[in-house]
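Written below as structure tokens is the structure these notes are about.
Bear in mind these aren't lab numbers, they're just calculated from the coordinates by the rules spelled out. All values derive from a computational prediction rather than experimental measurement. Here Cβ is always computed from backbone atoms with ideal geometry, including for glycine, and neighbour counts include all displayed protein chains.
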Amino acid sequence: MVHLAGGTLAQKHPLSELAAATSVQESFLSKILQRLVHQGLLVSHRGSGGGFVLNRAPDQISLLDVVEAIEGPTQLNQCVGESGSCKRKPSCGISPTWERAQASLTQVLAGISIAQLADETARLTAGQLGDSADVVRSFSAN
């Protein structure tokens, strides 16, 4: 998703490109991409010139959207989350801590968009390239 967010919204990304960019086997990545298509985060275009594109602007897709599209609702344990149903909850001393942890996780993941992650990835990649160029220049100067 971060790789897709780094391109233009209409740019189609073939499975082979995404697999190479993420170092994930095509067979496994294909299953993940299909979940993202099924959840409406991606659109799949078949045939020659086909590929995957984001279904919404990258700044409108949170990391929580992606995680939940792949894994289902975020739930730290059976006591909390959408299906949280524990008979001991009224008398459980740790339940409030689990609920705070769940709320914090959800807030962090919902608070970051894949556009922000793509920008940060580009910044870090540019920094690495800059560092490499500096090393090459220092060797050339000697």
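Here are the numbers for the structure shown:
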| quantity | calculated |
| --- | --- |
| Contacts under 8 angstrom Cβ, first residue in segment 87-108 being surrounded by fewer than 11 Cβ atoms within 10 Å (Cβ to Cβ), partner among the polar types (S, T, N, Q), 6 or more apart | Arg88/Ser95 |
| Selection count, segment 17-62, where residues are aromatic (Phe, Trp, Tyr), out of contact with any Ser or Thr (no Cβ under 6 Å at 6 or more places or on another chain) and within 23 Å of Asp119 (Cβ to Cβ) | 0 |
| Helices (runs of 4 or more DSSP H) wholly inside segment 1-106 containing at least 1 residues that are charged (D, E, K, R) | 15-22, 26-38, 63-71 |
| So Ile112, is it in contact with a helix residue (DSSP H, G or I) (Cβ under 6 Å, 6 or more places away or on another chain), in contact (Cβ under 8 Å) with a residue 40 or more places away in the chain and surrounded by 11 or more Cβ atoms within 10 Å (Cβ to Cβ) | yes |
| Hits in segment 41-91 - residues which are of a type in the set (Ser, Thr, Tyr) and either more than 17 Å from the chain's Cα centre (by Cα) or at positive phi (or both) | Ser44, Ser48, Ser83, Ser85, Ser91 |
| Count of segment 29-49 residues which are out of contact with any helix residue (DSSP H, G or I) (no Cβ under 9 Å at 6 or more places or on another chain) and not small (Gly, Ala, Ser) | 5 |
| Residue, nearest to the chain's Cα centre (by Cα), within segment 107-118, restricted to residues that are in a helix (DSSP H, G or I) and not polar (S, T, N, Q) | Ile114 |
| Candidate set from segment 1-14 (those that are crowded, with 17+ Cβ neighbours inside 10 Å and among the aliphatic types (A, V, I, L, M)); member that is farthest from Gly50 (Cα to Cα) | Val2 |
